Each structure stands twice: as structure tokens, then as C-alpha cells.
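Everything on this sheet refers to the single structure shown next.
Read the figures in this text as sums done on the coordinates, not as results from a lab. Computed from a prediction, not measured in an experiment: that's the story for all the values here. In this analysis, Cβ positions are derived from the backbone assuming ideal geometry, glycine residues included, and neighbour counts consider all displayed protein chains.
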Amino acid sequence: MNEALPLWVYLSEEPLTWLTVTVIAYAIADRLAAAVGRHPAANPVVVSAVLVIGLLQVTGTPFRTYFEGAQFVHFMLGPATVALAVPLVQNRVLVRRSFKPILAALLAGSVTAVTCAILIGWALGLPSDVLASLAPKSVTTPIAMGIASALGGIPALTAVLVILTGIIGAIAVTPLMNVMGMKDMRARGFAAGVAAHGIGTARAFQVDPVAGAFAGVGMALNGALTALLVPLAFLLFSAF
């Protein structure tokens, strides 16, 4: 242990160490998920987060130090979101045929997510900055943080709420859809993308390529619509 300590002190100060730790943690989590048949509860994002958090706690590493090394993963959120256009183009015929149901589901999902978040937060007596942080929780992190910041919210809190929403959605979406008897992969995927953004979309791709494509559509459209709805909802809410 005495010989390993200097080595760890050196490694903990190297930025690429935490990037490597993040990638390895996800690889382990993905193997575990595959070993249990991609069960919803074994979501790789959840498992890898637990592994990384555990290591940070054991080593006493502050989050700032970790993020300096792993921020490249955060940077890749943008390109990864844009890359969802590839399956969208591949399934563009199906998407065009489903335009009307997509529009109806988008409006219902977006309005419900924003309205419920604001009303529940208001009922619990949350301050306005926390409400602004909570309202965009169902869209992907970069968009949600931008919305929260523009409304005087706390972007860091928004990021946490977005991730929690995505994790809960990704775990619940498959068993919930099965209980509801929903078999159309287009509807299943779109619902996952609208409700649980990128993490839900990743789960949809694990289940079915068509579900993944429609989840990507749902995530993108919900991000754009929510960016319009949240400021409008706050204006209406402040008028009462």
C-alpha cells in the first residue's frame, strides 16, 4: 500500500486518468447489462455512475478534479445529439408517415412535462430559481441548462434533474410500455425520447433500431418545443 500511494497521487492529478476511469466504468457497466439481458434496472448509465461515484468517495477526489479530466465526455454530448440525425434520415419514410401522431404526442408530452414540473414545484413551495431549474428537466442537458440559465435558474441543478429524469425514464419505460400493451416501436421510442431525452433514447436503441430512431426524433423536437414553452409558461405563471 505504501508503494502504491505515490502512484495514485500521480495518477489522480493527471486529467486523462478520470477520462479513462469513466470509459472503463461504462465498459464494465455495459458488460453487466449485457450479461443480464439488458434488463432495464441494469442501465449502464446508472451502474457506471455508481462505480465512478464510489471511486471518488473512496479516493477522496473532489468533483472538480474529476470533471477536469472527464469533461471531454461532457463535450461529446453535443456531437452525440447531432449524430442522432443519422437514424432519423435512415427512417425518414416512417417518420413522414407518422407526422400527425408525432405532432399530437409531442404537444401532449411537452405540455404535460412542463406544466406538471412547474405546478408540483409551486405546490411544494419551491423558490422561482428552483422552479426555473426544474421546468426543462425532460430535455437533453445542453438545452435544459441553457433554458434554466436564461430564466434565472441554476444550471448545475438542472443538469442533475435532467440526469435523474433520464435514468428514471430509461428504467421505467420498458416495463411500463409492456404493462400498457404498447407494441408499436414507433410509439414506444417516441415516448421514451420525449420523456427521458438522451438516456431514454439510448435505452430505445438497445431495444429496437426503429424505436431508437423515433426516440431521437422525440428528443430533438421536445427540446425545441420546450425551449419555447418554458418561458411562455413562466410568463403565464407570473401573471397569476
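Where a ≥ b ≥ c are the square roots of the eigenvalues of the C-alpha gyration tensor, would you call segment 138-180 rounded, which needs a/c under 1.5, or, failing that, prolate if a/b is larger than b/c, or oblate? Numbers along the way, then the final one.
Working: a/c = 4.12, a/b = 3.14, b/c = 1.31.
Prolate, because a/c is 1.5 or more and a/b exceeds b/c.
Along the axis of the charge dipole computed for the chain (Cβ charges of +1 for Lys and Arg, -1 for Asp and Glu, origin at the Cα centre), the listed residues Ile24, Phe190, Gly146 are led at the positive end by Phe190.
When only C-alpha pairs under 8 Å and at least 6 residues apart count, what is the relative contact order of the chain, in percent? Could the numbers behind the result be given before it?
Details: 298 pairs, mean separation 43.1, N = 240.
Value for the chain: 18 percent.
Which of Asn178, Asn91, Asn222 moves the most in a Gaussian network model of the chain with Cα springs under 10 Å? The residue that fluctuates most here is Asn178. Site pair Leu236 and Arg97 shows an inter-label distance of 3.5 nm when each label is modelled 7 Å from Cα along Cα→Cβ.
Projecting the Cα atoms of Ser110, Gly121, Gly69 onto the dipole axis of the chain, where Lys and Arg carry +1 and Asp and Glu carry -1 at the beta carbon, places Ser110 farthest toward the positive end.
Simple point charges give the picture: +1 on the Cβ of Lys and Arg, -1 on the Cβ of Asp and Glu, and for the chain a dipole about the Cα centre of about 1060 debye. Label positions at Asp184 and Ala41, each projected 7 Å from the Cα along the C-beta direction, are separated by 3.1 nm.
Diffusion of segment 82-238 by Stokes-Einstein, at 37 °C in a medium of 0.692 mPa s and with Rh set to the Kirkwood radius over alpha-carbon pairs, works out to 213 µm²/s.
Using a Gaussian network model of the chain in which every pair of alpha carbons under 10 angstrom is joined by a spring, one finds that among Gly69, Gly181, Gly193 the greatest mean-square fluctuation is at Gly181.
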